[in-house]
1. Could you give the nm distance between label points at residue 107 and residue 62, where each point is 7 Å from its Cα heading toward the beta carbon?
2. If contacts are Cα pairs under 8 angstrom and at least 6 residues apart, what is the relative contact order of region 110-223 in percent?
3. Starting from the Cα-Cα distance between residue 117 and residue 41, subtract it from 0.36 nm times their residue separation and give me the gain in nm to one decimal.
4. So for region 143-188, averaging the separation of alpha carbon pairs under 8 Å that are six or more residues apart and normalising by length, what relative contact order in percent results?
5. If R0 is 30 Å, what FRET efficiency do you get for residue 265 and residue 146 from their C-beta distance, rounded to 0.05?
6. Which residue, 169, 42, 25, has the most motion in a Gaussian network model of the chain that connects Cα atoms within less than 10 Å?
7. Assuming R0 = 51 Å, can you tell me the calculated FRET efficiency for the pair residue 250 and residue 124, based on Cβ-Cβ distance, to the nearest 0.05?
8. What FRET efficiency do you get for residue 54 and residue 204 if R0 is 35 Å and r is their Cβ-Cβ distance, rounded to the nearest 0.05?
């Protein structure tokens, strides 16, 4: 594995709790899966579905302007909550799944765009040139895509590239190492991977198997991608996450990859 080629590979990434991360790349300011609601329960059809256990590490006002929201999927409140939806109204572009692009487009118009697998959009950089954002495969559970998507809907990941810029992968709520291998075939080595982890499980779904990467899978994804830095997200602040920081640290240490971890707390 080669060493970091340029200092810009270590651009700051702020992990804000749950799936939400904030970073500047190519002069553009990106926010992943915005979740800024206060701790509490979320209900559907009168039944509690998920519980947020901790507040976000920052408010939208703390972040300042955001140019692009990367929303892995819009259908679950632990990835796009009430505050997050309100925030999208002030963001020039939201990239998400094809279905999510249509749903969010009802309120956001052409400021919401869905990306199919391997579909790309070019964004103008403030100082010239472009950033390319490519939608990449993600699967929100184990098994065949048709079965997973019928239960939990579409999910998309993102790869960011640009001339003179490091390659960035944002996994979204992905549980498939096969998808990671497909992405690695096209983009590896990756400079920074923002990996959604936490090993969330629900007894009523897929025999209680994980529906997003567990800690050992996140370490294996790091190896597959040749990722030089990993910023884990989606492992804290929600009750249905079954593995947290300690399990991630242990899994990366066991894989000999502890030096790749960046907890995104000091940016």
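None of the figures in this text is laboratory data; all of them are computed from the coordinates on show. As the structure is a prediction and not an experimental result, all values here were calculated from the model. Don't worry about glycine lacking a Cβ; one is built from the backbone with ideal geometry, like all the others, and counts go over all protein chains shown.
1. 2.3
2. On the way: 221 pairs, mean separation 24.0, N = 114.
Over region 110-223, the number comes to 21 percent.
3. Working: separation 76, 0.36 × 76 = 27.36 nm, distance 3.26 nm.
Value of the extension gain: 24.1 nm.
4. Values: 26 pairs, mean separation 12.8, N = 46.
The normalised contact order for region 143-188 reaches 28 percent.
5. Details: r = 39 Å, r/R0 = 1.29.
So the FRET efficiency works out to roughly 0.20.
6. 42
7. Efficiency for this residue pair is about 0.75.
8. Values: r = 25 Å, r/R0 = 0.70.
Computed FRET efficiency for residue 54 and residue 204 comes out at 0.90.
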